[in-house]
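Below is one structure, written out as structure tokens, with a few remarks after it.
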There are 2 protein chains.
Amino acid sequence: MSVLEPQYEFELDEALAKIRESLQGEDMEKFRSDFLDYHLYDQAQIYLALAPEERIAMYNYLSVNEMADMFEIIEEDVESIEAYLLEMNNQYAADMLANMYADNAVDMLKQLKDERIWLYLRLMPIEAAKEIRALLNYEDETAGAIMTPEFVSIVANQTVRSAMAILKSKAPDAETIYYIYVVNVDNVLVGVISLRDLIVNDEDMMIGDIMSERIVSVNVNEGQEDVAHKIRDYDFLAVPVVDENNVLLGIITVDDIIDVIDEEAVSDFSGLAGVDVEEQSENPFVAASKRLPWLITLLFLGMGTSTWISQYEGLISD
Amino acid sequence: MSVLEPQYEFELDEALAKIRESLQGEDMEKFRSDFLDYHLYDQAQIYLALAPEERIAMYNYLSVNEMADMFEIIEEDVESIEAYLLEMNNQYAADMLANMYADNAVDMLKQLKDERIWLYLRLMPIEAAKEIRALLNYEDETAGAIMTPEFVSIVANQTVRSAMAILKSKAPDAETIYYIYVVNVDNVLVGVISLRDLIVNDEDMMIGDIMSERIVSVNVNEGQEDVAHKIRDYDFLAVPVVDENNVLLGIITVDDIIDVIDEEAVSDFSGLAGVDVEEQSENPFVAASKRLPWLITLLFLGMGTSTWISQYEGLISD
């Protein structure tokens, strides 16, 4: 990259034209090199903008792993999740879900009918199905429902050097490697250490001597807003989720929490004000019609005031 | 920590009693071991709850560095920032500010009168004053105003092993070490690599071969809400800030961005709805008086409707 070369800038229309060209030319190599060169969020924008038949071609060109990476970024509340999964061959869809972080796979599965959830669970590797089934049992909007079991845990009785080796081997599957949780033989959380601490400390130091025992954790049944506030207040990148016996079950990461804070702000206010922050790009008629219930309420409130005022006027004129 | 020992739980009243005891006993050792054992956010809660004379004792017991770590967590909009700084000896205050990440120090300085800002800048080490002065020049709510210059940058032409050595030496001063920015000799941003990538790759790999050139950055004059959306959409932990020539100036981290998203939600809605999310703990009269302007508006709207309805009634009865 030379000094004059521009930074990464994403233009959806431009990207769509480029991607459509390679799809129409059935040029798998070109498609892959163009598409995978975009950031995952931008890959998702392209995917969502394509027509069903164009997306169906993509399922032949991308591995379940590549598709899973992109689906991690697609918000679970995108309405067409079910339609996207139905476009895929069932085995491909199941394998893609199995390759996602369990918390995100669960968010998607929750949009589907029960029969379809069980179909995918039957088709995916047993380990992945087990993790997902465990998460599906937690109530909506609790820590359990938004946590992922893909974290890195180690035991205290080892050196920084051996902990780094473990981290290196677990890194590809963990949602974050920036916090490493220290557990005892019963999987009870006894400490936490950041990757930063591992890096600055001498390789011969013992984990037990440098870990922090001041562990802020959340209970698996705690509400997601409490989790959000803890992560925000303490400036954490992730928080561990434990059961009543302090057994480590999962982690919740800061990117999931930003979504919660966003949702929370919207749900706290949009009902009240009759507006929706997401509406900016909508056409004015749709936007106006959303405000209608609120305006009608105001009208009736006004009529109430009017009645009250006329009675009061009657009282004076009497 | 045994299985039966409870997790870290913070109770402000309990902590205050403990801390007050050691302050009254002038027991510096006990104070330090009790106080520094709390998380920074909880240290800040204690500090904010103490009386001025109690805080003044603390400035003798804690180093400027320890005080700076705690002040990183105190929101810049806490009203009494000026009072806290005035309680300190000027040199102590200046050194504390110099020990904070520059973005947070600037947030605090902006609450002060100009003379006081210049006083602190004169008293602090030249390098720190220079960094802070540069940030003070950016307009409020732009990327420049919320970025920090404390990032880790390296050149491409070296191995993972040597990059890790640099990281290790720079880690104590960097706000995040989880992204390492790759620059050329002119300090132009040419790539980015995550600590995760450094860890999973072989130590002999060249940085230039494994770094990503798809750099999502923000311009130093961009608004903070755009920055917030980029970090949220791409699930980043930090985003680099550049000038028109793509020269790397600073970074903005996800914890700062959570505050922006919070503020944004409040400012977008609270004016409209006549409520304030922060008010939950206020007494009901204060809360009610905040809703008053909105209720009065509704009353007048109602009177308008009433007039309009009576005219219409007049029309019918005519």
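The mean sequence separation of alpha-carbon pairs under 8 Å and at least six residues apart, normalised by the residue count of region A:1-107, gives a relative contact order of 24 percent.
Residues whose amide H falls under 5 Å from that of residue A:179, counting only those 5 or more places apart or on a different chain, are A:195, with hydrogens built in the peptide plane.
Which entries of B:130/B:170; A:168/A:230; A:110/A:130; A:130/A:170; B:130/B:230; A:170/B:168 show an alpha-carbon separation above 23 angstrom in the structure shown? Over 23 Å Cα-Cα: A:168/A:230; B:130/B:230.
Across identical copies of the chain, residue A:165 has label-point separations of 2.3 nm, listed in ascending order, with the point defined 7 angstrom from Cα along Cα→Cβ.
In a reduced charge model with +1 at each Lys and Arg Cβ and -1 at each Asp and Glu Cβ, region B:12-146 shows a dipole moment near 520 debye about its Cα centre.
Only beta bridges with both residues in region A:176-266 are counted; by DSSP, about 85 percent of them are antiparallel.
For A:192-200, what's the mean count of beta carbons from other chains sitting within 10 Å of each residue's beta carbon?
4
Assuming R0 = 60 Å, can you tell me the calculated FRET efficiency for the pair residue A:54 and residue B:206, based on Cβ-Cβ distance, to the nearest 0.05?
0.95
Straight-line cross-link reach from residue B:30 at under 18 Å between alpha-carbon atoms covers these lysines, not counting any fewer than eight positions away in the same chain: B:18. Computed over region B:153-258, relative contact order equals 26 percent, with contacts defined as Cα pairs under 8 Å that lie 6+ residues apart. Peptide B:214-226 has a mean of 2 when you count, residue by residue, the C-beta atoms of other protein chains within 10 Å of its C-beta. Per residue of peptide B:173-183, the mean number of Cβ atoms on other chains within 10 Å of the residue Cβ is 2. Close amide H pairs (under 5 Å, H built 1.01 Å from N) link residue A:150 with A:102, A:175, A:251, residues at least 5 positions away or on another chain. Go from 0 up to the bin containing the longest alpha carbon distance in region B:153-258, width 5 Å each, and give me the % of pairs per bin. With a bin width of 5 Å, the distribution comes to 2, 13, 23, 24, 20, 12, 5, 1, 0. Sorting A:109, A:16 from the fewest to the most surrounding beta carbons within 10 angstrom yields A:16, A:109.
Laboratory data are not the source of any read-out in this text; all were calculated from the coordinates shown. Here the structure is a predicted model, which is why all the values come from computation and not from measurement. Because the Cβ atoms are built from the backbone with ideal geometry, glycine has one as well, and the counts that use them run over all protein chains shown.
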